[in-house]
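Take a look at the structure below.
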Amino acid sequence: MSPRAGQAGHPARTLAFVESPVQLLNVLEWAHLHGLHDPAPSGSGRGESGVPLGPGRGESGVPLGAGGVGPGVPFGPGGGDSGVPFGPGGAGSATASVPTPALPTQPGPAHVGPSPAQADHAGVDAAHAGPVSAVPAQGRRLPAGAVAAGAVAGGAGAVAGGAELTVVVLSPTDPMTRGQLRRMADLARDEGYRVRWEEARGGTTAPFHTIGGLAGSLRRADRIVMGDPFSRYVQLLLTITRARELVVVDDGTATMEFVAQLARGERLVRWHRKGGRPGARDLLFAPVSSSARRRLTPSDRRRVEVFSSMPVTEIPDGVTVTANDFAWTRARFGPPRITQSADLVGTSLVETGVVDGDRYLEAVRNLAKAHGATRYFAHRRESAEKLHRLAVETGLEIVRPDLPLELIARRGPIGRTILSFPSTVVHTLPLALAGTGVRVAVCDIDPTWLTDTASPRAQGFLSGVTGTARDVHRLAAVSPA
């Protein structure tokens, strides 16, 4: 699929809809591969309202600290979700806001002050959140095929020709996800792309304002890129667009399930919900979901691309599958400093009702003890209560990353061994860390850990995630001590 295909007389207009930091990361990877860029002056970084939003600024144009991007904030010994110590010896109110040292990425003292994600959680304006560790300063690079066209006041050169990309952030309400999205949005602006931040869930009338405000752009777009085809928001937006090209970028392991369901002609249902009876909202939304599935099916009038680092086995007829090898991540960051210890990657399987909380805590404790893990990188959807308990009962330093783990690991420091349960990272980290010598090891989910309400497909799906991973060391499920 040509990334530059558009109507005669103008470059292809591309709208990318993202709802999570990982989705935005993969949009950047896709755009890097295809050489897309903003034809407006690079570095202008202006949002839909024309307010300067360049490096170091949030969606409202307020400074986020040095560089605008932070690598991660300790959540275990040393810092909680709102800056309160959550490690052994300290737990505090979830509404407090106590400055917490950020996890440094380079040798030297850590910066002090809550991250913008913490400020979001505690109701603190990002402008007063204090400095956070910045992404290492690097010169702006022009994407493949771009041409510098002279100096622009206050910025780098203009980029001539090429395809137009606007990233639309359909902002969630979860504070950690919002914090990571703010940082990824800064990186997207730094690469020269337009970013439009929508408070899509900011009240009962927000969806109407968001959809109404996007309707014109949707009708004019030549290409739609999306990170979550299961999202009801995205499915609703697909009913408006006339775009002849649709691209689905990775949203983790959900991509595998989406492609398989599309190939089998099934309705689009997230894997951990499959097997249950549809609720009232599912039935009410069924016509929109069916329409979205038809639009995501290739035809003579519409081309569909899947851009993924996941193993895709059931490829629907007419769908183009493009491999994501994290070339942008490797070019932009690293190589990392490697430590001699092991790091453990958390999962939100407890929060989604798949794995029992007590069993999970026991598995983490035994896995950390067996492999000498010292840090636990929390998933952005893991609850504060669970992380507090993990810190107290395992002694692990709990870290809530401010960026997707692929970027955190690539920047370093990172353990020589990374331990994970079945999740997206067992597929993505070996690509992002290629050539560094870091070993990724995955631990299977024992069937006895599953809850009574887990989907009947859960065990098979999780085993498939592990079994199809490349360049990882497979561990047996840890046994109780």
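The values are calculated or read from the model by the stated rules, or taken from the named source; none is laboratory data. For clarity, every value in this text was computed on a predicted model and none was experimentally measured. For accessibility, only protein heavy atoms count, side chains too; no ligands or nucleic acids. Shrake-Rupley method; radii C 1.70, N 1.55, O 1.52, S 1.80 Å.
Calculate one ³J(HN,Hα) per residue across segment 357-370 by plugging θ = phi - 60° into the Karplus curve 6.51 cos²θ - 1.76 cosθ + 1.60, and present them in order as whole Hz with x for glycine and proline.
Those phi angles translate into x, 5, 5, 5, 4, 5, 5, 5, 4, 5, 5, 5, 5, 5 Hz.
Hey, how much of the P(r) for segment 158-241 falls beyond 17 Å, as a percent of Cα pairs? Numbers along the way, then the final one.
Working: 1838 of 3486 pairs.
Of all Cα-Cα pairs in segment 158-241, 53 percent lie more than 17 Å apart.
I'd like to check one number: the per residue accessible area of segment 311-445, probe 1.4 Å, reported in Å² as a whole number. If you can, show how the numbers build up before the last one.
Working: 4570 Å² over 135 residues.
Averaged over the residues of segment 311-445, the accessible area is 34 Å².
Under the rule a/c < 1.5 gives rounded, and otherwise a/b versus b/c splits prolate from oblate, where does segment 418-460 land using the Cα gyration tensor? Each step should come with its number before you reach the end.
Details: a/c = 4.83, a/b = 2.77, b/c = 1.74.
Cα axes put segment 418-460 in the prolate bin.
Hey, what do the phi angles of segment 314-329 turn into as Karplus ³J(HN,Hα) couplings, whole Hz, using 6.51/-1.76/1.60 and θ = phi - 60°, x for Gly and Pro?
Whole-Hz 3J(HN,Hα) from phi for segment 314-329: 8, 9, x, 4, x, 7, 8, 10, 10, 7, 9, 10, 6, 5, 5, 4.
Is the shape of segment 317-442 rounded, prolate or oblate, going by the alpha carbon gyration tensor and its root eigenvalues a ≥ b ≥ c, with a/c under 1.5 for rounded and a/b larger than b/c for prolate?
Details: a/c = 2.06, a/b = 1.36, b/c = 1.52.
It comes out oblate by the Cα gyration axes.
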